[in-house]
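J.: Handing you this structure, nothing more for now.
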Amino acid sequence: MEFTTKHFGTLEVNEDEVITFDLGLPGFPEDKKFIIIIDENAENKFYCWLQSMDNGDVSLVLIDSFAVMPEYDPLINEEEIAELGDIDISDLLVFNVAVIGSNMADSTINLKAPVVINNRTKKGKQIVVNNENYSIRHNLEECIKNEGKV
């Protein structure tokens, strides 16, 4: 299938690449279908984009949490991810939404609510975790510099 985006132009997507967020995402409840876009030419592979297929204007930067923050330890309640289908830990992808500022010092990452995707069932959900020391606007540069220790 083909659709047009604001930032990436017209994209051709296979149905098996589509990730469904039954509840949408906070701030984007109408957007249910997304794809992950990876820049294969990028020097760093720790980020990608979550592009809505329902609204070509909606695209979020995702950070592969564990690639840049090995100490990141979200306490995810199993009941929260049960709706993603049968869970095998090897099928789960965990990302954090980042807001990129004019420079790294102005960029933030939401450590409090990771985006969890079951790569086998292609279902996803943004989940608020129980870790009290994680915030929704944590400085991204600080996380990378300290390898995720907050």
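The values are calculated or read from the model by the stated rules, or taken from the named source; none is laboratory data. Here the structure is a predicted model, which is why all the values come from computation and not from measurement. Glycine gets a Cβ as well: all are built from the backbone with ideal geometry, and neighbour counts include every protein chain shown. Quick note on the areas: whole protein, heavy atoms, side chains included, nothing else; ligands and nucleic acids left out. Shrake-Rupley method; radii C 1.70, N 1.55, O 1.52, S 1.80 Å.
J.: Taking into account only those residues within the stretch 23-60 that are outside any strand (DSSP E or B) and touching a residue at least 60 places away in the same chain (Cβ under 8 Å), which is nearest to the chain's Cα centre (by Cα)? Even if it seems obvious, please write down each step before you answer.
T.: As a first pass, look at the stretch 23-60 and keep what is outside any strand (DSSP E or B): 23-24, 26-27, 29-32, 38-46, 53-58.
Add one more test, that the residue is touching a residue at least 60 places away in the same chain (Cβ under 8 Å), and what stays is 23, 26.
Numbers: 23: 15, 26: 12 Å.
If we take residues in the stretch 23-60 being outside any strand (DSSP E or B) and touching a residue at least 60 places away in the same chain (Cβ under 8 Å), then 26 is nearest to the chain's Cα centre (by Cα).
J.: Something else about it: Is it the case that residue 58 is in contact with a Ser or Thr (Cβ under 7 Å, 6 or more places away or on another chain), surrounded by 12 or more Cβ atoms within 10 Å (Cβ to Cβ) and more than 17 Å from residue 143 (Cβ to Cβ)? Before the answer, list the steps.
T.: Details: in contact with a Ser or Thr (Cβ under 7 Å, 6 or more places away or on another chain): yes; surrounded by 12 or more Cβ atoms within 10 Å (Cβ to Cβ): yes; more than 17 Å from residue 143 (Cβ to Cβ): yes.
Taking the combined requirement at face value, the residue satisfies it.
J.: Okay, moving on. Any residue at all in the stretch 76-85 that is more than 14 Å from residue 127 (Cα to Cα) and either surrounded by fewer than 18 Cβ atoms within 10 Å (Cβ to Cβ) or not charged (D, E, K, R) (or both)? Write out each step before concluding.
T.: First, pick out the residues of the stretch 76-85 that are more than 14 Å from residue 127 (Cα to Cα): 85.
From what is left, the residues that are either surrounded by fewer than 18 Cβ atoms within 10 Å (Cβ to Cβ) or not charged (D, E, K, R) (or both) are 85.
Yes: one or more hits.
J.: Give me a count of the residues in the stretch 41-55 that are modelled with pLDDT under 95 and open to solvent by less than 30 Å² (accessible area, probe 1.4 Å).
T.: Final tally of qualifying residues: 2.
J.: For the stretch 24-40, give me the residue count where each residue is exposed (fewer than 15 other Cβ atoms within 10 Å of the Cβ), within 18 Å of residue 83 (Cα to Cα) and out of contact with any strand residue (DSSP E or B) (no Cβ under 7 Å at 6 or more places or on another chain). Please lay out each step first, then the result.
T.: Applying the first criterion (exposed (fewer than 15 other Cβ atoms within 10 Å of the Cβ)) to the stretch 24-40 yields 26-27, 29-30, 38-40.
Subset that is within 18 Å of residue 83 (Cα to Cα): 26, 29.
The next check asks that each one be out of contact with any strand residue (DSSP E or B) (no Cβ under 7 Å at 6 or more places or on another chain); those that pass are 29.
Total meeting the criteria: 1.
J.: Test of understanding: among 10, 4, which residue is open to solvent by 30 Å² or more (accessible area, probe 1.4 Å), in contact with a strand residue (DSSP E or B) (Cβ under 6 Å, 6 or more places away or on another chain), free of Cβ contacts under 8 Å to residues at least 24 places away in the same chain and assigned to a strand (DSSP E or B)?
T.: Values: 4 fails: free of Cβ contacts under 8 Å to residues at least 24 places away in the same chain.
Sole residue among the options that is open to solvent by 30 Å² or more (accessible area, probe 1.4 Å), in contact with a strand residue (DSSP E or B) (Cβ under 6 Å, 6 or more places away or on another chain), free of Cβ contacts under 8 Å to residues at least 24 places away in the same chain and assigned to a strand (DSSP E or B): 10.
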